[in-house]
Amino acid sequence: MKRLIYKTLLFIVIIMLADFSIGNLLTYMQKNVKGGGVHDRNYIANNATEDILIFGSSRALHHYVPQIIEDSLPFSCYNCGAEANGAILMYGRYRQLTSRYTPKAIIYDIMPDYDYGINDNLKYLSHLKDYYSHPGVREIFNAVDKKEAIKMHSKLYRHNSKIISIASNFILSRKNMHKGYMPLEGTMEIIPEKPSANEPLHTDSLKIAFLERLIKECKQKEIKLIFTISPSYYETDMSQFAPIKELCNRYGTALLDYGSSPMFIEKREYFKDSTHLNHEGASLFTSAIIHEIKKALAL
């Protein structure tokens, strides 16, 4: 019996030492990456101080060209969009950024599925795990799943889904030269079928709460928050955007709708696929909203 207890304790100690050692090594590598997506996430979390920030999912990441905004306005700009992410990650990034400084404006490209649709909220914590100790991030984990917050005591667990990306970004020197923006080159090869009517979207009260907190806190800090609906190849089903329209109406927040813009509808040359603009389309779209940004910022 004593031998079994001894072996069990030894096993626990070995696991704890491995977690501590490997976890600290990955933390060091994550903090000292030379390029890639991890480098961009570090920049947003620790160093970004741009005047105008772009928030949202892949449509934010691929549709807004910071250099065009900087060339048109007397302000700096950085794209904080992230593939397949929405309100949970974006509110976390908002807390990271505003713990250091107060931006002038946030342009938030809304995507219903990610920003207030019901799905697996745990996946949205992935990009925040490395920054669990940052201001405001811990409370997001507690709100999503308290069990996940307990797991974050493991240093290895904080990095386990990104070991390969951390290692490759630590070795490679490529840095994002587009201020967070990721251009999509080329034109879609096959014209997609016109989508049928969408099923009613069931909203996630937690995501809605994060969006509402973002709106309220931006008002308190006098950050100009502008929600946008960027173009799709076919006309956007606006019934999916009722929740954000209701929030914007309630708080007097701007919502720019380009989902039905004839400038883009069924213009194949501007799209990489049915929901994402290519670089030519993104450049045109970014230029098109400059006037609205100027009005919002009273320029």
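Length gain on complete extension for the stretch Glu212 to Lys123, per 0.36 nm per residue less the alpha carbon to alpha carbon distance? Could the numbers behind the result be given before it?
Values: separation 89, 0.36 × 89 = 32.04 nm, distance 2.09 nm.
Between Glu212 and Lys123, full extension yields 30.0 nm more.
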For Gly180, residues with placed amide H under 5 Å, excluding near neighbours: Asn79
Karplus-derived 3J(HN,Hα), 6.51/-1.76/1.60, for each residue of the range 230-243, Hz, glycine and proline x: 7, x, 10, 4, 9, 4, 6, 6, 6, 4, 6, 9, 4, x
Distance-filtered residues of the range 182-222 - backbone nitrogen under 20 Å, label point 7 angstrom along Tyr251 Cα→Cβ: 203-222
Residues of the range 284-298 with amide N under 13 Å of the 7 Å Cα→Cβ point at Tyr101: none
Under 5 Å, built H, 5+ apart or other chain: amide partners of Phe271: Met188, Asn278
Under Karplus coefficients 6.51, -1.76 and 1.60, residue-wise ³J(HN,Hα) of the range 103-120 in Hz, glycine/proline x: x, 7, 8, 10, 9, 10, 7, 7, 10, x, 4, 8, 8, 7, x, 7, 7, 6
Candidate aspartates and glutamates - alpha carbon under 20 Å from Lys34, same-chain residues fewer than 8 apart omitted: Asp130
Inter-probe distance in nm under a simple model that places probes 7 Å from Cα toward Cβ, at Ser274 and Ser72: 2.9
Residues with amide H under 5 Å from that of Thr228, placed H, sequence gap 5 or more: Tyr108, Asp109, Ile110, Leu256
The range 31-114: chymotrypsin sites (Phe, Trp or Tyr not before Pro) falling in loop per DSSP and having at most 15 other Cβ within 10 Å: Tyr101
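Before I look further, what does the range 196-299 give for accessible area per residue, probe 1.4 Å, in whole square angstrom? Could you put the intermediate results ahead of the total?
On the way: 5090 Å² over 104 residues.
Counting only protein heavy atoms, the per-residue value for the range 196-299 is 49 Å².
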Separation in nanometres of the label points that stand 7 Å from Cα toward Cβ, at Ile150 and Ser205: 2.4
Cut-off 17 Å, label 7 Å out along Cα→Cβ of Ile265, residues of the range 232-246 by amide N: 232-241
Cross-link pairs beyond the 30 Å C-alpha cut-off, checked among Lys104/Lys245; Lys123/Lys272; Lys151/Lys245: Lys151/Lys245
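The values are calculated or read from the model by the stated rules, or taken from the named source; none is laboratory data. Keep in mind it's a predicted model, so treat the numbers as computed, not measured. Cβ sites come from the backbone with ideal geometry, for glycine too, and all protein chains shown count toward neighbours. Heavy atoms of the whole protein, side chains included, go into the accessibility calculation; ligands, DNA and RNA do not. Shrake-Rupley method; radii C 1.70, N 1.55, O 1.52, S 1.80 Å.
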